[in-house]
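First up is the structure itself, then whatever we jot down about it.
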Amino acid sequence: MTGIALDNKMVEFEQSKVQDYINSYRGNDLNPIITNINELFTGTVAKTIGPGAVNDVMRESFNGGKSFNFKSYDDKVKLGQELIKKAHNE
């Protein structure tokens, strides 16, 4: 496996590890933490000075960021794989 296929599998692997951590987290209430992380990807600061490719994916794939949820494995994988497409000019 090489190229974009390998990149996509790496995103899946990486995000499965992130999801395992989220699912096993037993600290403070996770919801405000996730809200803050979501804001880092979709909020005013992200839209103003965030990476253009991330902003493009949020706009094109997540209703301007409104539907993105960092707690969702599928959303994180979709974000990563859409960024890979952009990096490969696809």
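Before moving on, here are some points about what is shown:
- With a simple spin-label model that places each label point 7 Å from the Cα along the Cα-to-Cβ direction, the separation between Asn23 and Asn63 comes to 2.6 nm.
- In the chain, the chymotrypsin sites (Phe, Trp or Tyr not before Pro) that fall in loop regions by DSSP, at most 14 other Cβ within 10 Å: Tyr25
Quick note: the coordinates plus some simple rules give every number you see, no bench work behind them. Keep in mind the model is a prediction, meaning the values are calculated, not measured. In this analysis, Cβ positions are derived from the backbone assuming ideal geometry, glycine residues included, and neighbour counts consider all displayed protein chains.
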